[in-house]
1. Answer yes or no: is there a residue in region 77-88 that is in a loop (DSSP other than H, G, I, E, B) and buried (at least 22 other Cβ atoms within 10 Å of the Cβ).
2. Within region 49-74, work out how many residues are under 22 Å from the mean Cα position of the chain (by Cα) and closer than 15 Å to residue 18 by Cα.
3. Quick one: how many residues across region 27-48 are in a helix (DSSP H, G or I) and within 21 Å of the chain's Cα centre (by Cα)?
4. So, in region 107-134, exactly how many residues are surrounded by 20 or more Cβ atoms within 10 Å (Cβ to Cβ), within 18 Å of residue 92 (Cβ to Cβ) and in contact with a helix residue (DSSP H, G or I) (Cβ under 9 Å, 6 or more places away or on another chain)?
5. Being touching a helix residue (DSSP H, G or I) at 6+ places or on another chain (Cβ under 9 Å), at pLDDT below 95 and under 24 Å from residue 145 (Cα atoms), is that true of even one residue in region 83-92?
6. Sort out which residues of region 145-155 are over 14 Å from residue 97 (Cβ atoms) and surrounded by fewer than 23 Cβ atoms within 10 Å (Cβ to Cβ), and write them in order of number.
């Protein structure tokens, strides 16, 4: 089964690469591909940008012979071997609602306990990072704190990694008050961060409380 975000543009050979990988490597339970450009880190890309990037890449790219083992996949493009995962009844965690930040990390870590998780450079594409239609800044800000804390307790995320992710987001949101990117609601995200910390100190922190904001 292949998972693609609705703003992920796969290269023409993407699905062929998925099939070759899973047929030739039966030990692989989950695979993720190479993101040639990721608009999530900026104002976003459009389809013309993606077409140009993919065409330029095709002129110079040479396939790497061996996928590399990774801890988890990137949710914008993943493929899973259902025959390996169905008997284990592995599911995405519904305690992570809405945008479900870090659900790909959680799912990949749980899969890695039963099979190999790899990144294949033959699976290539562009993530547009479209900004419209996303959840509010306040809800995402809450998830930036609540989800890592939940995954620490669940055992899917180490303390050091979780602290890094939370501190990086909090710092970016504070900095955004002075120089905000027009495509990001930094004020809303910071408000969500602070609400999450208040819930944490009161023992009420729960990823699902983002639905109440």
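The values are calculated or read from the model by the stated rules, or taken from the named source; none is laboratory data. The model shown is predicted, which means the values in this text are computed figures rather than measured ones. Cβ atoms come from the backbone with ideal geometry, glycine included; neighbour counts cover every protein chain shown.
1. Applying the first criterion (in a loop (DSSP other than H, G, I, E, B)) to region 77-88 yields 81.
Next, from what is left, pick out any that are buried (at least 22 other Cβ atoms within 10 Å of the Cβ): none.
No: region 77-88 contains no residue that is in a loop (DSSP other than H, G, I, E, B) and buried (at least 22 other Cβ atoms within 10 Å of the Cβ).
2. Of the residues in region 49-74, 4 are under 22 Å from the mean Cα position of the chain (by Cα) and closer than 15 Å to residue 18 by Cα.
3. So the first thing to find is which residues in region 27-48 are in a helix (DSSP H, G or I), and the list is 39-41, 47-48.
Then drop every residue that is not within 21 Å of the chain's Cα centre (by Cα), which leaves 39-41, 47.
Adding up the residues that qualify gives 4.
4. Residues in region 107-134 being surrounded by 20 or more Cβ atoms within 10 Å (Cβ to Cβ), within 18 Å of residue 92 (Cβ to Cβ) and in contact with a helix residue (DSSP H, G or I) (Cβ under 9 Å, 6 or more places away or on another chain): 3 in total.
5. yes
6. Selection gives 149, 152, 153, 154, 155.
Residue by residue, here is whether (1) touching a residue at least 12 places away in the same chain (Cβ under 8 Å); (2) in the same structural domain as residue 49 (by TED's automatic domain parsing); (3) within 18 Å of residue 188 (Cα to Cα) holds:
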| site | (1), (2), (3) |
| --- | --- |
| 85 | yes, yes, no |
| 103 | yes, yes, no |
| 106 | yes, yes, no |
| 117 | yes, yes, no |
| 144 | yes, no, yes |
| 151 | yes, no, no |
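So that you can scan it fast, the table gives a plain yes or no per residue for (1) in contact (Cβ under 8 Å) with a residue 60 or more places away in the chain; (2) out of contact with any helix residue (DSSP H, G or I) (no Cβ under 6 Å at 6 or more places or on another chain):
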| position | (1), (2) |
| --- | --- |
| 147 | yes, no |
| 158 | no, yes |
| 166 | no, no |
| 178 | no, yes |
| 191 | no, no |
| 203 | no, yes |
| 206 | yes, yes |
| 209 | yes, yes |
